[in-house]
Amino acid sequence: MNKTVKKFAIVGMGNRGLGAFAKGILGFPNKGLPEFKKYAKLVAICEPNTVRLQVAQDELKQPDLAAYTDFDAMLKQADFDILVVATPDHTHVDIVVKAFNAGKNVICEKPLATRVEDCDRMIAAADANGRWLRAAQNARYGPQSLKLKSMIADGAIGNLKLVTFEEQLDTDHGADYFRRWHRDKKNSGGLLLHKASHHFDWLNWVIQGYISRVAAFGDTSFYLPREKRGKCCRTCDYTAECPFYYDLPGKWDGLYMRMYGQGEHEDGYIRDGCVFDPEINIEDRIAMIGEYDNGVKLNYTLSCFNPYESIKMVFIGDAGRIEVPGDKHIYYYPMHTREKHVIEILPGTGGHGGSDTAILKSIIMDFDALPNAPADGHQARHAVLVGAMANKAIAEKRIVTVDEFGGKPKLAAAPKA
Ligand SMILES: NC(=O)c1ccc[n+]([C@@H]2O[C@H](COP(=O)([O-])OP(=O)(O)OC[C@H]3O[C@@H](n4cnc5c(N)ncnc54)[C@H](O)[C@@H]3O)[C@@H](O)[C@H]2O)c1
């Protein structure tokens, strides 16, 4: 157990910075643990939008918390050890590199960056300054992920041969990527980076190899411009008939309206943008196949317009098969036995099935508390690499190899804090 009090600062006080990290570090119910207070102190927050900054201060109610609109000023003036980066994906790289050069350690939201070369810059800056870099790859932490990882690592199905992973988002969750900054590829890298990097990180960790070749297909097929549309839901003429109406004033007891709607005049950040806006340039359906250096084949699909949401998986080895049908069960079929073992998985509590709290716990209390210490820079880069290869495969309509991205990635084990 790490007994020193770690001093945190957070940059980006949107959904994740405020809701997952600030409230988590401070031990808010369902966000963090009460004992975090003994080991962690939130010293400073930074958010360029003054409305969101004020909402964060009001929500957190910490009289000693320093609040900044300027990141450089926070870096210079606030006394902290660990920076949490919860800004839009394309902004991570410059913030993280500055933080390392100022001698801080960094927890960065996923995806680590929107380009592989940006990940390399971040890792190089961490190394040059002798600091650590971790990414909030929370797909590793759910009870189901941990159980599957341990079954496969313990040889339940022998040598892993083939993996199928299907993520199908519904028209609520799935549509949300088409409402705001994510919908422009230059901000998010598209969903192969922004969304899939969670699962690529976890799959890389389970497959225990590195991605070597990728083929992929994807396009925008559903969230296409429609004649009946507006700029945003609050001012649209078609709200009564639109199944995608987003009730910003009604979200989270008005919190989102206070954070985003009332701050809109400062930076033009529209939270309830129309999902049929011509600005959208990310794919909403993707099919990808990948091959790892150890021969494992991965079949991955993602879509964003389903009546209901599901993640389904199949893992096939030379000694059996594991299926995740999309509910709270794992089915395990050992080879040659005709047996079917049903394993029930109870979700954890808190954000992302307890994963958000687990990430914070491992960082605040003990890096080794979990079998999967938070993804380090190389592992987070590997997740970005898979998505970047797939993006290139879609754009260039061909199979893309890892050699085009610098060759075999480092799969470094996470160093101690
Ligand atoms: N791990 C997860 O499960 C998970 C879930 C959702 C989002 N995310 C990631 O978290 C990050 C934040 O996402 P979000 O949904 O909270 O976004 P958000 O838009 O709600 O919040 C981002 C905040 O950063 C601020 N910001 C923008 N540019 C900035 C800059 N240069 N410096 C400082 N602040 C800046 C914005 O004003 C905004 O308040 C993204 O990288 C996203 O991909 C991770």
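Reported to the nearest whole Å, the Cα centre-to-centre distance from region 161-216 to region 267-284 is 19. Other residues lying with their Cβ under 13 Å from the Cβ of Leu224 contribute a combined charge of -1, Lys and Arg counting +1, Asp and Glu -1. Ordering Cys236, Cys274 by the number of other Cβ atoms within 10 Å of each residue's own Cβ, fewest first, gives Cys236, Cys274.
Label-to-label distance, Thr239 versus Lys37, with points set 7 angstrom from Cα along the beta-carbon direction: 4.1 nm. If the segment from Ser221 to Lys7 were pulled out straight at 0.36 nm per residue, it would be longer than the present Cα-Cα gap by 72.4 nm.
The largest-to-smallest principal axis extents of the Cα set in region 6-138 are 38, 30, 26 Å. Its residue count N sets the reference 2.2 N^0.38 Å, and the alpha-carbon radius of gyration of region 198-273 equals 1.67 times that reference.
Run down the lysines and flag those whose C-alpha is under 17 Å from the C-alpha of Lys104, throwing out any fewer than 8 positions away in its chain. The qualifying lysines are Lys6, Lys7, Lys41, Lys76, Lys416.
Positive end of the dipole of region 6-138, charges at C-beta (+1 Lys, Arg; -1 Asp, Glu), about the Cα centre: which of Gly24, Ala9, Cys119 has its Cα farthest in that direction? Value: Gly24. Spin-label model, Ala153/Thr401: points 7 Å from Cα along the beta carbon direction are separated by 3.2 nm. Net charge dipole, the chain: roughly 780 debye, given to the nearest 20, about the Cα centre with Cβ charges of +1 for Lys and Arg and -1 for Asp and Glu.
The fewest-to-most ranking of Trp202, Trp252 by surrounding Cβ atoms within 10 Å reads Trp252, Trp202.
Using the empirical formula 2.2 N^0.38 Å as the baseline, the Cα radius of gyration of the chain reaches a ratio of 0.98. FRET efficiency for the pair Asp94 and His265, taken as 1/(1 + (r/R0)^6) with r the Cβ-Cβ distance and R0 = 30 Å, rounds to 0.75.
Pairs Lys328/Lys361; Lys195/Lys361; Lys23/Lys328; Lys312/Lys340; Lys31/Lys185; Lys186/Lys392: which exceed 19 Å Cα-Cα? As for pairs spanning more than 19 Å Cα to Cα, those are Lys328/Lys361; Lys195/Lys361; Lys23/Lys328; Lys31/Lys185. Here region 144-251 is treated as a sphere whose radius is the Kirkwood value from Cα pairs; by Stokes-Einstein at 4 °C and 1.567 mPa s it diffuses with a coefficient of 75 µm²/s. Counting other Cβ atoms within 10 Å as a rough exposure proxy, the listed residues Asp201, Asp64, Asp127 run Asp64, Asp127, Asp201 from fewest neighbours to most.
How high is the FRET efficiency from Lys251 to His336, r the C-beta distance, R0 56 Å, rounded to 0.05? Between Lys251 and His336 the formula returns 0.60.
Read the figures in this text as sums done on the coordinates, not as results from a lab. In this text the structure is predicted, and so the values were computed from the model without any measurement. Cβ coordinates were reconstructed from backbone atoms using ideal geometry, including for glycine residues, and neighbour counts include every protein chain displayed.
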